[in-house]
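One structure is given below, encoded as structure tokens.
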Amino acid sequence: YESQVYRYLRHQGSSSQEQILVLEKGLSESAARNAALPPGYLAHLGLLYLDTGRTDDALQAWEREKALFPESRHYIDYLIGNMKKKKAG
């Protein structure tokens, strides 16, 4: 997960769609093992969804992030607010 975030922030390596596939695979593997996701995993996945125009998936990922990590509420609400401003503008 950390390497995906690093590449995303440095604009290196794989495309957003390729990163989505990697993170979605991680979601499946985590669910199969009944393992917890790290904080920020779904927030980052939401950003990738947004990059590819999948706003509904972004919102769903962000809402799940907030449910799992209530302390992320302010950041997630900020992301959602920015997305809505861009859609309105």
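The values are calculated or read from the model by the stated rules, or taken from the named source; none is laboratory data. These numbers come from a predicted model, not from an experiment. Cβ sites come from the backbone with ideal geometry, for glycine too, and all protein chains shown count toward neighbours. What goes into the accessible areas is simple: the full protein's heavy atoms, side chains included, and nothing from ligands, DNA or RNA. Shrake-Rupley method; radii C 1.70, N 1.55, O 1.52, S 1.80 Å.
Quick notes on this one:
- From E18, E71, E65, residue being open to solvent by 90 Å² or more (accessible area, probe 1.4 Å), at pLDDT 95 or above and in a helix (DSSP H, G or I): E71
- Only one of the listed residues (S16, S28) is in contact with a helix residue (DSSP H, G or I) (Cβ under 8 Å, 6 or more places away or on another chain) and polar (S, T, N, Q). That residue is S16.
Each row is one residue, and each column tells you yes or no for (1) among the hydrophobic types (A, V, I, L, M, F, W, C); (2) open to solvent by 90 Å² or more (accessible area, probe 1.4 Å); (3) at pLDDT below 95; (4) under 13 Å from the mean Cα position of the chain (by Cα).
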| site | (1), (2), (3), (4) |
| --- | --- |
| Q4 | no, no, yes, yes |
| G13 | no, no, yes, no |
| V22 | yes, no, yes, yes |
| G40 | no, no, yes, yes |
